[in-house]
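K.L.:
The following block contains the structure, expressed as C-alpha cells.
The values are calculated or read from the model by the stated rules, or taken from the named source; none is laboratory data. All of these numbers come straight from a predicted model, not from anything done at the bench. When we count neighbours, we look across all protein chains shown, and the Cβ atoms used for this are built from the backbone with ideal geometry, even at glycine.
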C-alpha cells in the first residue's frame, strides 16, 4: 500500500534527517512505528501522507504520489497528529461539517466508539479535556473506515483504562483492506495490539518485521545466570536477567517489545545482523 523508495528529507539544506530510505507497508497489518524522541517518527509519517516533501525519492500510496494530495488519496486516508486541534463545535456539528470528506464514514460506528470511550455526545469539543478531545478524534478516525489510518502518539493524554479501550477498538477495526500505522515512544502502549514492528534509528528503518517472525528467530526469557548462553542482549531485573537469545530450538516466546527496542537503540549489531540475514534469506 505504501512504498517509500530512496527517500531523502531534511528541513534544512545540507542537513538530511533521512537519506536513501526504503520502506514498504501493506494492507491487513497494524504497524507500530518506534523510535527515540527526535528520531524523526512524525516526519516520516508526514512524508508518507504528503504533508512533507522529500528532497529526493518517492512515497506512493497505492501507486499515487502522496505529495500530490489528490482527492482520491485523501478521501481514503485519515491522519491523527500528536498535537490535535478541535473546533468550537459539538460532536454532531463536527460530523456534519467533516464526515462528508470521507465516503465510507459510518456515523453509527462513531457514536459507538464515543460510548466505548465514555465521551459525552453533548457539549462543545473545545470545552472537553485534552484526553477526551483525543478520544473523539480517535473515534472519528476509526469511523471514517479509510483504508489507511495513521496515528502519531495517539495514546498521549489517555488514562490507563482509555489506553486499554484504544487497543481493543483499534484491533477490532482492522480488516484485510486496512493498513493502520501507529507511532509512539511508549512501547508498552502497543503491546498486544500491533502485528508488525517498524523501528526508526539513526536515520534508518533498521527493523520492519512481523512480531511472529521476530519470535521465530529470537528467544525472550529470564535467566538467573547467563554463563553458557549466547546472550544477544540483557537487562538486570529483580527476577534475574531479562535476555534475548538466538532461538535455535524453535521455542515460542512473547516478544518483549521494550527489551527488543532497547537492544536495537543500544547499537546491537549481532542482533540486527541476525534479523537482516533472515530477511535476506526469506527474499531469496
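Residues checked against (1) part of a strand (DSSP E or B); (2) touching a strand residue (DSSP E or B) at 6+ places or on another chain (Cβ under 7 Å); (3) at pLDDT 95 or above:
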{"residue": "180", "(1), (2), (3)": "yes, yes, yes"}
{"residue": "189", "(1), (2), (3)": "no, no, no"}
{"residue": "200", "(1), (2), (3)": "yes, yes, no"}
{"residue": "206", "(1), (2), (3)": "yes, yes, no"}
{"residue": "215", "(1), (2), (3)": "no, no, no"}
{"residue": "248", "(1), (2), (3)": "no, no, no"}
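K.L.:
Can I ask one more? Based on what the data block shows, is residue 86 within 28 Å of residue 43 (Cα to Cα) and surrounded by 15 or more Cβ atoms within 10 Å (Cβ to Cβ)?
P.N.:
Against the criterion (within 28 Å of residue 43 (Cα to Cα) and surrounded by 15 or more Cβ atoms within 10 Å (Cβ to Cβ)), residue 86 qualifies.
K.L.:
Which members of the range 111-136 meet the condition of being in contact with a strand residue (DSSP E or B) (Cβ under 9 Å, 6 or more places away or on another chain) and surrounded by 14 or more Cβ atoms within 10 Å (Cβ to Cβ)?
P.N.:
124, 125, 134
K.L.:
Follow-up. Any chance the range 8-26 includes a residue that's touching a helix residue (DSSP H, G or I) at 6+ places or on another chain (Cβ under 6 Å), within 28 Å of residue 145 (Cβ to Cβ) and crowded, with 16+ Cβ neighbours inside 10 Å?
P.N.:
No, that holds for no residue.
K.L.:
Same structure again: When residue 276 is evaluated against the numbered criteria (1) out of contact with any helix residue (DSSP H, G or I) (no Cβ under 8 Å at 6 or more places or on another chain); (2) more than 19 Å from residue 36 (Cα to Cα); (3) at pLDDT 90 or above, which criterion, by number, is the only one it fails?
P.N.:
(3)
K.L.:
Out of (1) assigned to a helix (DSSP H, G or I); (2) loosely packed, with under 12 Cβ neighbours inside 10 Å; (3) in contact with a helix residue (DSSP H, G or I) (Cβ under 7 Å, 6 or more places away or on another chain), what's the single condition that is false for residue 108?
P.N.:
That leaves (3) as the condition not met.
K.L.:
Here's something else I'd like to know. Filter the range 168-192 down to the residues that are surrounded by 17 or more Cβ atoms within 10 Å (Cβ to Cβ) and in contact with a helix residue (DSSP H, G or I) (Cβ under 8 Å, 6 or more places away or on another chain) and list them by number.
P.N.:
Listed by number, the residues that qualify are 169, 170, 173, 180, 181, 182, 183, 184, 187, 189, 190.
K.L.:
While we're on this one: Test of understanding: among 150, 119, which residue is in the same structural domain as residue 46 (by TED's automatic domain parsing) and assigned to a loop (DSSP other than H, G, I, E, B)?
P.N.:
119
K.L.:
Here is a follow-up. Kindly list, by first and then second residue, each pair from a residue in the range 254-273 that is on the phi > 0 side of the Ramachandran plot to a residue that is part of a loop (DSSP other than H, G, I, E, B), limited to pairs with Cβ atoms under 9 Å and residues at least 6 apart or on different chains.
P.N.:
267/202
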